[in-house]
Amino acid sequence: MTTHVQFDSLNDLVHHYMMEADGLPCSLTVPIFKQVNIPIAMSIELKISKSSIKFFQCINAGQFGETWKGDCKDKGPVIIKTNIATNIVQETFLEEANILKKLNHKNIISLYGACTESYPFYIVTEPINGSLKDYLTTNNPTPAELVAITIQVTDGMMYLGEQDYIHCDLRAENILLGDHNTVKIANFHLARHLNGNKYWIAKKKDKLAKKWTAPEGYTLNRLSIKSDVWSFGILLWELVSKGKEPYPGMTDEEVKEAVSKGYHMPIPRDCPEPFKLLMMNCWKQNEYERPNFIHIFNILYLRNK
């Protein structure tokens, strides 16, 4: 193992040696988990036994976890999120379930429960058909359908703000769709509760959503519900561009530097109203000049009547 490589976090170290051996006999694959009882603040009605879970189809695989379609005894079809990282990360992973259990809205993914009797933990939620990103890349939705989707996203974000939460990773990949294109905001792994404060102050070890992060996240290390509004503007760009990656041709570091200096993406050609004006307003450099989600909802709702 090389001694000159330094890492900002245990997560980064694990990911490095999963990608390459770099002095080890082989690269890391799946950790051997310590099978012990874990004291987790999860109410009895939300605890699910692993023996009641069946995995059917993997629908998403990331660096540290997978998302599966499956079945849960007494509940029927479900979505199962797993985590394959270290024991420490497992407990961080479960913080998402602790957030979801406090939320109840038709446009936010519903938590069924969690499997916590042993590592790796599972988070079990209501079933969905797929992500908004997949929908955009495989379908050709009409402007009216896109407006209907954004109204639902805005409705969910209004509720989230009322509960004093910020999502911090609002993107098409994290918006799930159920039957009849019912929106479900999901993936609360970066979400934070503001505890009555205006901002959440990010520390060096805290991860940001990179291309979806507002300027103040980079320049002031702080995020607020108005930062989610900036991300909503990026989401609108994804909708208009049919699910393309934002800031095409730019690396994460290039985006960070450019956005910190006042840059935002050009509005896509032939961008329909009201998306064009909303995008411009969501990307105001001064966060106080951005609209709130109530204002955005009213614009979209009136447009859709």
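The values are calculated or read from the model by the stated rules, or taken from the named source; none is laboratory data. The model shown is predicted, which means the values in this text are computed figures rather than measured ones. Quick reminder, even Gly has a Cβ in these numbers, built from the backbone with ideal geometry, and neighbours come from all protein chains shown.
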The range 52-72: number of residues that are at pLDDT 95 or above and outside any strand (DSSP E or B)
1
Quickly run through the range 191-222 and pick out the residues that are crowded, with 23+ Cβ neighbours inside 10 Å and either aliphatic (A, V, I, L, M) or not assigned by TED's automatic domain parsing to the domain that holds Glu257 (or both).
Ala214
Just checking, does the range 225-237 include any residue being among the aliphatic types (A, V, I, L, M), more than 24 Å from Tyr199 (Cα to Cα), part of a helix (DSSP H, G or I) and in contact with a Cys (Cβ under 6 Å, 6 or more places away or on another chain)?
no
Pairs, please: C-beta under 6 Å, at least 6 apart or cross-chain, first residue surrounded by 13 or more Cβ atoms within 10 Å (Cβ to Cβ) and in the range 247-258, second not in a helix (DSSP H, G or I)?
Val255/Tyr247
Quick one: is Leu176 in a helix (DSSP H, G or I) and aliphatic (A, V, I, L, M)?
no
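Condition check ((1) aromatic (Phe, Trp, Tyr); (2) in contact with a helix residue (DSSP H, G or I) (Cβ under 9 Å, 6 or more places away or on another chain)) across all residues:
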site	(1), (2)
Asp206	no, no
Ser231	no, yes
Trp237	yes, yes
Gly243	no, yes
Met250	no, yes
Met265	no, yes
Asp270	no, yes
Gln285	no, yes
Leu302	no, no
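Okay, residues lined up against (1) exposed (fewer than 15 other Cβ atoms within 10 Å of the Cβ); (2) touching a helix residue (DSSP H, G or I) at 6+ places or on another chain (Cβ under 6 Å):
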position	(1), (2)
Asp155	no, no
Glu162	yes, no
His167	no, yes
Ala172	no, yes
His180	yes, no
Ala186	no, yes
His189	no, yes
Filter the range 278-305 for residues that are in contact (Cβ under 8 Å) with a residue 12 or more places away in the chain and over 24 Å from the mean Cα position of the chain (by Cα); the one that is surrounded by the most Cβ atoms within 10 Å (Cβ to Cβ) is Ile299
